[in-house]
Amino acid sequence: MAAGRFAALVAGGLMAAGSVCSAYAQDAAAATSANALEVELNALTPSQKGCMMTFVALNKLAAPVNKISFELAFFNDKNTVDKITVLDFRDLPQGKKRVRQFDMPNVKCEAVTRILINDTPVCDGPAAGECMKGLVTRSQTSVPFEG
């Protein structure tokens, strides 16, 4: 009987500790996303030129972004870099979502297995390094999108 009560107390304590840890993780995630530059790979669609890539960006940084470009690396099915290019996302006003589309010539959507934001060669507005530091990426496609 004592062993059963002990097990129940331990289990209850672990659940409480788990709840505290979970709450802490949520607070940390909220704090991180509050000063973030979110970029989502929203769609990859075959086009006449190659592959139309649609991105959704949301600037949650402390300053508006007057001009930004991202250096992207495209990986193929052998997990090697197939292409590196720089895309101009123009301006990203603070607190506003923006959709940006790029038609990538000679790129087959089905051949892209992963996309990596390698750098932000242009980031005009926020303090130096803030664009990459605050970068949060996600994908609405089956292709992983990393930053």
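In the complete set of protein chains, residue-level accessible area for Ser47 is approximately 40 Å², probe 1.4 angstrom. Taking Met132, Met53 and ordering them by how much accessible surface each has at a 1.4 Å probe, largest first, produces Met132, Met53.
In this structure, the amide hydrogen of Val122, modeled 1.01 Å from its nitrogen in the peptide plane, lies closer than 5 angstrom to those of Ser69, counting only residues at least 5 positions away or on a different chain. The label-point distance for Gln140 and Lys49, in a model that sets each label 7 Å from Cα toward Cβ, rounds to 2.1 nm. Rounded to 0.05, the FRET efficiency of the Met132 and Val99 pair, given R0 = 30 Å and the Cβ-Cβ distance, is 0.90.
Cross-link pairs exceeding 27 Å between alpha carbons, from the set Lys49/Lys133; Lys60/Lys108; Lys97/Lys133; Lys49/Lys96: Lys49/Lys133; Lys60/Lys108; Lys49/Lys96. Once all protein chains are placed together, Lys108 keeps about 130 Å² accessible to a 1.4 angstrom probe. In this structure the amide hydrogen of Ala36, modeled in the peptide plane, comes within under 5 Å of the amide hydrogens of Lys60, Leu61, none closer than 5 places in sequence on its chain. If the Kirkwood radius is taken over C-alpha pairs of region 40-147, then at 4 °C and 1.567 mPa s the Stokes-Einstein diffusion coefficient equals 92 µm²/s.
The values are calculated or read from the model by the stated rules, or taken from the named source; none is laboratory data. All values reported here derive from a predicted model rather than from experimental measurement. Reconstructed Cβ throughout: ideal geometry from the backbone, glycine too, with neighbour counts over all protein chains shown. The area values use the complete protein model at the heavy-atom level, side chains included, leaving out ligands, DNA and RNA. Shrake-Rupley method; radii C 1.70, N 1.55, O 1.52, S 1.80 Å.
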